[in-house]
Amino acid sequence: QVQLVESGGGLVQAGGSLRLSCAASGRTFSPYAMGWFRQAPGKEREFVAAIRWSGASTYYADSVKGRFTISRDSAKNTVYLQMNSLKPEETAVYYCAAATSPKRPLNVVVGRETTYDYWGQGTQVTVSS
């Protein structure tokens, strides 16, 4: 069983930055891809960013391109989400997720929740205006 634990959330002013981390533990962990999603109050969960574990490819929602950066440290089984220029409307619970089997074409399915097999409990990000 794989466990994902997010950290790094908190309160930040608009225009500020936060770095989220997601540490994986459990059985030998070798995901195909890792992703970040978010869910704002009263809204559906939405895709934010993803990375192929090989590090060869990254994917972003249009709304965060140029401001968010996803990366991973395979030695630490950890994926990160650097968030810059945060906006109040990005207040949400941020979740990380792991896809453990190949999904092709990943660029087509990367934003779908069903692509991912494991999910973390989420970390709250609040952006004040």
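A simple rule links phi to the HN-Hα coupling: the Karplus curve 6.51 cos²θ - 1.76 cosθ + 1.60 with θ = phi - 60°, which for region 67-72 gives 10, 10, 9, 9, 8, 8 Hz, with x for Gly and Pro.
Remark: region 37-47, residue by residue, has Karplus-estimated 3J(HN,Hα) of 10, 9, 9, 8, x, x, 10, 6, 5, 10, 6 Hz, where x stands for each Gly or Pro and the curve is 6.51 cos²θ - 1.76 cosθ + 1.60 at θ = phi - 60°.
Each of 114, 94, 10 was scored by the projection of its Cα onto the charge dipole of the chain, and the greatest displacement toward the positive side belongs to 114; charges sit on the C-beta of Lys, Arg, Asp and Glu. In order along region 115-129, the phi-based Karplus estimate (6.51 cos²θ - 1.76 cosθ + 1.60, θ = phi - 60°) of 3J(HN,Hα) comes to 5, 9, 9, 10, 9, x, 7, x, 9, 7, 10, 10, 10, 8, 8 Hz; Gly and Pro are listed as x.
Accessible area per residue for region 3-111 is 48 Å², calculated with a 1.4 Å probe on protein heavy atoms, without ligands, DNA or RNA. Post the alpha-carbon centroid distance, region 55-79 to region 9-54, in whole angstrom. After rounding, the separation between the Cα centres reads 9 Å.
Run through every distinct alpha carbon pair of region 28-86 and return the Kirkwood hydrodynamic radius in angstroms, one decimal place. Display every interim value, and only then the final one.
Numbers: mean 1/r = 0.0818 Å⁻¹.
12.2 Å is the Kirkwood radius here.
For region 26-120, with all protein chains in place and a probe radius of 1.4 Å, 45% of the accessible heavy-atom surface sits on carbon or sulfur.
Taking amide H atoms as placed 1.01 Å from N in the peptide plane, the amide H of residue 72 lies under 5 Å from those of 80, each 5 or more residues away in sequence or on another chain. Assuming R0 = 25 Å, what is the FRET efficiency of residue 121 and residue 62, from their Cβ-Cβ distance, to the nearest 0.05? That gives a FRET efficiency of 0.40.
The values are calculated or read from the model by the stated rules, or taken from the named source; none is laboratory data. Here the structure is a predicted model, which means the values were calculated and not measured. Please note: Cβ atoms are built from the backbone with ideal geometry, for glycine as well, and neighbour counts cover all protein chains shown. Just so you know, the surface numbers come from the protein's heavy atoms only, side chains and all, with ligands and any DNA or RNA stripped out. Shrake-Rupley method; radii C 1.70, N 1.55, O 1.52, S 1.80 Å.
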